[in-house]
Every structure is written in C-alpha cells, then in structure tokens.
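The values are calculated or read from the model by the stated rules, or taken from the named source; none is laboratory data. Remember, predicted model here, so these are calculated numbers, not experimental data. Here Cβ is always computed from backbone atoms with ideal geometry, including for glycine, and neighbour counts include all displayed protein chains.
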C-alpha cells in the first residue's frame, strides 16, 4: 500500500533533529509522499530546502496562511507571486480565513484569500484551504470565485454533512481528513460516514493534530496509518482501497507523477 500525507509541516523546526528518520519511518509504513504547505515568507526557504533534500518525496506549495495576515499582507502576497515566477510549486496554500485566534485582520484575510484564489485560477494550480470558525465566510468568497478552473482541498475538515455537500457541489474540491476523525468527541466520524471516498484526501498536519492512540505526542506522517484505519472502520472499505483511492485523489489533485 502507498499513502500520501497531503498536508505535512515536515519542514518545521520540530523536525530539525530527525527529519530524515521521520520520513524513513513513514515510508516503512507506506507513507511515501508528502505535500508541504507554506505559511508565510519566513518559511519559504525551509519548504524549498526540505523539498530539494527529499526530491521526489516532498512536494512544495506556496501561500500566505490566514494567521500570518497582518498590516504587511501586501508584501507577503508579492512574495508569493515572486516565488511562483521563479520556482515550481504544486499548489497554493495554505490559504483561507481563521477566526479562531484573532479577528484583527479579518478584512485583510478576506482580501488575501480572494487574491490567492484568483492567482491559483490564473496559474491552473490547486489551493489548500484553511478554515477555522470560518466556513460561512469562506463559502461566501468561494461561491463568487468558483468556476471550472478552481480546484483544491478543504484541509483539516471539521464541518457538518451540509458543509461537506456544499464543498462537493463546487465540483473541483476534495476534503482533507486527519487525526481529528479519531477523537472520541469530535463527531467527525459520523460526518465521514456520509462521505464518498472519492472525495477524501488523508493528512496529518504534522506536527499538529496527532491521532489516537498517539495523541499528546508530536504528530508524524507515519501516524497517517491511524487515520486510514479509521476511514476503513467508518466506511467499511478495505484498507488497500482506502490507500489506493486517497493516493490517487491526492496525486491527481496536485498533478504529481509518482
């Protein structure tokens, strides 16, 4: 079986002492590929260095994370555009709206999100959307921007079945399912029970959102296996099919020839 971790911050400083070993441990369990979403300009070099060191295993994205939107967001967006002109990226992300941590720059978050959606459409690249306490606000913008060229994934999905259906109705979007689905009180497993496996990508969001039974530890791509087994348990689809279909979904979305 081959899996793809569709959302990993393996470039983070938390992995500076054992990054190669973490990737090796993941590969031993079938997690062969990693999609690396950017945060802001201070992480761009790390994303590229990790992708270069593990070429053909790690695939870089570029984007401005909503929690990094500040008064200097225009300079950050200029950085994203510059990097897209000089480097091969497999998507734009992670982008979106986050109203959990701080609402100070809410209006700027909306501007940055729409700008990056338009950029993705112009360059025919998928987007990775971060939505925390913000489905309605994100839907308002995507409803306006959606067309046949817009595609991507709603990462770390925690929504309702109605919100899932709203996303699927866009036509070009997938759902990123990670460790939260294994949390007893999340209720996400009940929503996933109504999903079609053809719409799902597996992710860790490592080093965050560690799945049960490793919760409380640093998350790693090898723990994607626990997410996959939960999908198997909820949907009743053989684990080999969970691997095959979610890997196909991810590689096709990011146009990766693995």
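Couple of notes before you dig in:
- Options 45, 12; residue that is within 24 Å of residue 81 (Cα to Cα), touching a strand residue (DSSP E or B) at 6+ places or on another chain (Cβ under 9 Å) and surrounded by fewer than 23 Cβ atoms within 10 Å (Cβ to Cβ): 12
- Of the set (1) part of a loop (DSSP other than H, G, I, E, B); (2) in contact with a helix residue (DSSP H, G or I) (Cβ under 8 Å, 6 or more places away or on another chain); (3) modelled with pLDDT of 95 or more, all apply to residue 217 but (2).
- Under the condition of being in contact with a strand residue (DSSP E or B) (Cβ under 6 Å, 6 or more places away or on another chain) and assigned to a loop (DSSP other than H, G, I, E, B), the residues counted in segment 237-252 number 0.
- Positions within segment 240-258 being surrounded by 15 or more Cβ atoms within 10 Å (Cβ to Cβ) and more than 24 Å from residue 38 (Cα to Cα), in sequence order: 242, 243, 244, 245
- Matching residues in segment 115-136 - criterion: being closer than 22 Å to residue 60 by Cβ and either more than 15 Å from the chain's Cα centre (by Cα) or not in a strand (DSSP E or B) (or both): 115, 116, 117, 118, 119, 120, 121, 122, 123, 124, 125, 126
- Out of 191, 227, 234, sole residue that is free of Cβ contacts under 8 Å to residues at least 60 places away in the same chain, in contact with a strand residue (DSSP E or B) (Cβ under 8 Å, 6 or more places away or on another chain) and either assigned to a helix (DSSP H, G or I) or within 19 Å of residue 21 (Cα to Cα) (or both): 227
- Residue ID - nearest to the chain's Cα centre (by Cα), chosen from residues in segment 89-114 that are assigned to a loop (DSSP other than H, G, I, E, B) and closer than 27 Å to residue 49 by Cα: 91
- Between 22, 31, the distinction of being buried (at least 20 other Cβ atoms within 10 Å of the Cβ), under 24 Å from residue 154 (Cβ atoms) and touching a residue at least 40 places away in the same chain (Cβ under 8 Å) belongs to 31 only.
- When segment 53-71 is filtered for residues that are farther than 21 Å from residue 253 by Cα and in contact with a strand residue (DSSP E or B) (Cβ under 9 Å, 6 or more places away or on another chain), the ones remaining, listed by number, are 66, 67, 69.
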